[in-house]
Amino acid sequence: MYQEVHARMCGIMGYVGPRQAAPLILDGLRRLEYRGYDSAGIAVANGDIHVRKAEGKIGRLASLLETDPLHGTVGIGHTRWATHGVPSDVNAHPHRDPSGRFVVVHNGIIENFHELRERLSAEGHLFESETDTEILAHLVALEYDGDIVAAVRRAVAHAEGAYALVVMTANEPGRIVAVRRVSPLIVGLGDGETFLASDIPAVLQHTRDFLIVEDGELVVVDADGATIEHIEGGRVDRAVMHVDWDAEQAEKGGYEHFMLKEIHEQPAVITETVGGRLDGEGEVWLEDVHFDDAFARAIDRVWITACGTALHAGLVGREIFQRILRLPTAVEYAHEMRYADPLVSAPSLTVAISQSGETADTLAAARLARQKGSRLLALTNVVGSTLSREADDVLYTRAGPEISVASTKAYMAMLIGEYLLALRIGRARGVVDEALSQRVAHGLHLLPAQVEHVLQAENDVAKAAHRIADAQDVYFIGRGLDYAVAMEGSLKLKEISYLHSEAMPAGELKHGTLALVTAGVPVIVVLTQGAVYDKTMSAVQEVKARGATVLAVAYEDDATIGAFADEVLRIPRTDDLLSPVASIVPLQLLAYHVARLRGHDIDQPRNLAKSVTVE
Ligand code: AGP
């Protein structure tokens, strides 16, 4: 079955047919609203290209269209989740070239944006917006010599990254050209009309017949249907897919819950968070991190502050910073830090981590640290969030909108952000040599495929969930980075399965909690850190001797653990420093499947809110 597994950040909708395009596109964009966005816009071709766009909710765009309607039967539209440039009317899509004859919308990221913009600026091009998208409009227009398909093909040859691009020109009315490089695109086939969208729910009310555009393909859409080709040329035959989902299933990309969909989006989230920021040599560019090398060298301490899952990402961050940078790093619950009169001072760096960028306690702790002279860096998923506006530096996580209350893909992106930040600071401080940099860069580039591999073993995790579903209490143990992952695995389990669960360093067990470990009590051990492997194995033997049911997360080539554990959830071997990225995935799936067996509301667990904006 087709399931959408991309971390989508924006919505796309296009129409060619006999009906007025703008109202249809507006309706399609509304149906993509559930994914989150910060501005919206529509372009219609009718002799010329006419554009209406506005920051904020689709209602603002609808009002604009009421006072100033768009007439025409071919059009494209977009909801934007800001990545390059703040949410604003000017940065909203669609974007035109200077002649106004070409218009584009785009999802995803153009990695060589700066390079392309500099080159075009040097050639005299002027840009209205701060977006990477506008560059594509200029490129297509530059490449145009009478054939829009050839122009798009040549334009995208310059643009590196993971994206979907949709192009329309007043010169060739009646058709739309689009390219998929990773970011999803689908074609909806109607009767004498054709739709193009980033996602099925946008067009489900018009048709149930779809063509799925695959990675590396170009599609030409007109009222009679669509032709798909490889970007480099050569026709592709694609079978029509008939979909019988209802609208709610469609929003979830065919998955039963948003949480499961978001877990499956994680390989794409890694790719997008790393995209354009790290080369094979380990050289790092973090676009909104402004401190210079002198500051990076002067940092005497790192403070990490956050709540919940974001704090658990911080626990991984502490290990990374201490191991890579040899910098003292404290992780503080934001709700504790804000009242603790912490000993924060210059020249320190405070990393405030928050998916939403709106968590009240995290904002308060971050402000306090800044008042005390620390430089504030926001590691957040939401462009323009309060935290991002108040910080000196921002590292956006690019996970796309996260809908499930239980955070998964945002956590994953936070980890990736921390590796990138450690490399950036480490290079400046001279503690990360080229070899280490390359080692981490190489490891990071392998991670999407490795996480995909773990996801493919979901059935094994679903089976293992039966061993936990009826338990009273569950314990998670690990050491170092494995302990950090155990903390997050435990939180995931408790928040959606409502089972009592605790995580602790494996060495802490015998200082008290071991008294609670009796026959059949599940103990989940994360076991990836070679340096402390034997030590953690001693804890495994202790709980096994008391009859515990042991579930282990371990490397595929670990030949020892099988003899001691009742179930082993395997992950591909990674660099031990990077293992949390893969080892959290079976634990997310385990929490999901236990909650499912227990029949809970997985996406909206009781008593919890997605964003805790009050104290
Ligand atoms: C985790 O699954 C929770 N939803 C929760 O712990 C969350 O991580 C916490 O409230 C912090 O939210 P933030 O990242 O938006 O600041």
Those residues of the range 126-142 which are modelled with pLDDT of 95 or more and more than 19 Å from Glu111 (Cβ to Cβ), in sequence order: Ala141, Leu142
Cβ-Cβ under 7 Å pairs, at least 6 apart or on other chains, the range 346-368 side of a type in the set (S, T, N, Q), far side buried (at least 24 other Cβ atoms within 10 Å of the Cβ) and part of a loop (DSSP other than H, G, I, E, B): Ser348/Ser374; Thr350/Ser374; Gln355/Asn381; Gln355/Glu402; Gln355/Ser407; Ser356/Val382
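Yes/no matrix, rows are residues, columns are (1) without any contact (Cβ under 8 Å) to a residue 60 or more places away in the chain; (2) buried (at least 20 other Cβ atoms within 10 Å of the Cβ); (3) among the acidic types (Asp, Glu):
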position: Thr528; (1), (2), (3): yes, yes, no
position: Ala545; (1), (2), (3): yes, no, no
position: Ala552; (1), (2), (3): yes, yes, no
position: Asp557; (1), (2), (3): yes, no, yes
position: Gly562; (1), (2), (3): yes, no, no
position: Val568; (1), (2), (3): yes, yes, no
position: Val581; (1), (2), (3): no, yes, no
position: Asp601; (1), (2), (3): yes, no, yes
position: Val612; (1), (2), (3): no, no, no
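Would you check which residues across the range 230-261 are in a loop (DSSP other than H, G, I, E, B) and of a type in the set (Lys, Arg) and list them? Full working, then the answer.
First pass over the range 230-261, keeping only residues in a loop (DSSP other than H, G, I, E, B): 231-234, 237-240, 243-246, 252-257.
Once the filter is applied, which keeps residues that are in a loop (DSSP other than H, G, I, E, B) and of a type in the set (Lys, Arg), the range 230-261 yields Arg238, Lys252.
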All positions within the range 369-388 that are within 16 Å of the ligand (Cβ to nearest atom) and among the polar types (S, T, N, Q): Thr380, Asn381, Ser385, Thr386, Ser388
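Conditions tested, residue by residue: (1) at pLDDT 95 or above; (2) farther than 14 Å from Val166 by Cα; (3) aliphatic (A, V, I, L, M).
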residue: Glu4; (1), (2), (3): no, yes, no
residue: Pro18; (1), (2), (3): yes, yes, no
residue: Leu24; (1), (2), (3): yes, yes, yes
residue: Arg31; (1), (2), (3): no, yes, no
residue: Arg60; (1), (2), (3): no, yes, no
residue: Thr79; (1), (2), (3): no, no, no
residue: Asn107; (1), (2), (3): no, no, no
Residue list for the range 263-310, restricted to those being within 16 Å of the ligand (Cβ to nearest atom) and modelled with pLDDT under 95: Glu265, Val269, Thr273
Residue satisfying all of: in the range 333-349; surrounded by fewer than 18 Cβ atoms within 10 Å (Cβ to Cβ) and outside any helix (DSSP H, G or I); nearest to the ligand (Cβ to nearest atom) among these: Tyr333
The range 389-444, subset within 16 Å of the ligand (Cβ to nearest atom) and of a type in the set (Asp, Glu), residue farthest from Ile324 (Cα to Cα): Glu402
Total residues in the range 113-131, condition of a type in the set (S, T, N, Q) and surrounded by 17 or more Cβ atoms within 10 Å (Cβ to Cβ): 2
Number of the exception - Glu134 against (1) of a type in the set (Asp, Glu); (2) assigned to a loop (DSSP other than H, G, I, E, B); (3) crowded, with 24+ Cβ neighbours inside 10 Å: (2)
Evaluation of Val612 against (1) within 16 Å of the ligand (Cβ to nearest atom); (2) part of a strand (DSSP E or B) (one fails), failing number: (2)
Among the residues listed as Thr305, Thr362, the single one being under 27 Å from Gly426 (Cβ atoms) and in a strand (DSSP E or B): Thr305
Selection from the range 568-608 of residues that are farther than 22 Å from His264 by Cα and either within 12 Å of the ligand (Cβ to nearest atom) or assigned to a strand (DSSP E or B) (or both): Asn607, Leu608
Of all residues in the range 529-567 being hydroxyl-bearing (Ser, Thr, Tyr) and in a helix (DSSP H, G or I), the one that is farthest from Glu452 (Cα to Cα): Ser538
From Thr273, Thr305, residue being over 18 Å from the mean Cα position of the chain (by Cα), surrounded by 24 or more Cβ atoms within 10 Å (Cβ to Cβ) and hydroxyl-bearing (Ser, Thr, Tyr): Thr305
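Collect the residues in the range 350-368 that are more than 8 Å from the ligand (Cβ to nearest atom), of a type outside the set (Gly, Ala, Ser) and surrounded by 24 or more Cβ atoms within 10 Å (Cβ to Cβ), keeping them in residue-number order.
Thr350, Val351
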Where a residue in the range 293-319 is closer than 19 Å to Leu491 by Cα and not assigned by TED's automatic domain parsing to the domain that holds Leu577 and its partner, wherever it lies, is part of a helix (DSSP H, G or I) and of a type in the set (Val, Ile, Thr), with Cβ under 6 Å and at least six apart: Ala306/Thr362; Cys307/Thr362
Residues satisfying the stated conditions in the range 146-169, i.e. small (Gly, Ala, Ser), crowded, with 21+ Cβ neighbours inside 10 Å and either modelled with pLDDT of 95 or more or assigned to a helix (DSSP H, G or I) (or both): Ala151, Ala155
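Just one of Thr169, Thr207, Thr227 is on the phi < 0 side of the Ramachandran plot, more than 28 Å from the chain's Cα centre (by Cα) and touching a residue at least 60 places away in the same chain (Cβ under 8 Å); which is it?
Numbers: Thr207 fails: touching a residue at least 60 places away in the same chain (Cβ under 8 Å); Thr227 fails: touching a residue at least 60 places away in the same chain (Cβ under 8 Å).
One residue alone meets the criteria, Thr169.
The values are calculated or read from the model by the stated rules, or taken from the named source; none is laboratory data. Since we're looking at a predicted model, the values are computed, not measured. Counting neighbours? That spans all protein chains shown, and the Cβs are built from the backbone with ideal geometry, glycine included.
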